[in-house]
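These notes concern the structure reproduced below.
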Amino acid sequence: MLKNYKLHFAAALVVQSVTFFVLFCALWCKKKSLAATFLAVSAASGATGAVLISQLKKELSETTVEFDDDFEMDEAALKGSLNGGDNEE
């Protein structure tokens with residue numbers, strides 16, 4: 001179940017990382033002691049979000065399916081199935 005939410009978690013962590021970095025910049029300019037804490041949390045959540053995104057990319061590349069161009073279909077059978085079984089040509 002959590003596999004379905006991996007992209008949501010990654011996006012949330014990246015947004016949190018950017019937000020905390022902005023807070024770090026604001027607090028660093030004011031010489032507040034919490035600035036280093038926000039920088040650490042920003043770095044940790046950014047790294048975690050990047051790891052989740054790279055895992056998603058790897059999973060998507062492994063599950064890619066390529067189709068053959070040699071697919072042939074019988075036109076008469078297709079017309080017959082579309083007409084309700086009546087083969088009128």
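The values are calculated or read from the model by the stated rules, or taken from the named source; none is laboratory data. This is a predicted model, so every value here is computed, not measured. Here Cβ is always computed from backbone atoms with ideal geometry, including for glycine, and neighbour counts include all displayed protein chains.
Data overview
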item	result
From 36, 26, 40, 50, residue being part of a helix (DSSP H, G or I), modelled with pLDDT of 90 or more and surrounded by 14 or more Cβ atoms within 10 Å (Cβ to Cβ)	50
Unmet requirement for residue 31, which otherwise passes all of (1) in contact with a Lys or Arg (Cβ under 7 Å, 6 or more places away or on another chain); (2) at positive phi	(1)
Extreme residue, modelled with the highest pLDDT, among residues of the stretch 55-70 that are more than 12 Å from residue 7 (Cβ to Cβ) and not β-branched (Val, Ile, Thr)	58
Residue 73 vs. criteria within 20 Å of the chain's Cα centre (by Cα), at pLDDT below 70 and not β-branched (Val, Ile, Thr)	no
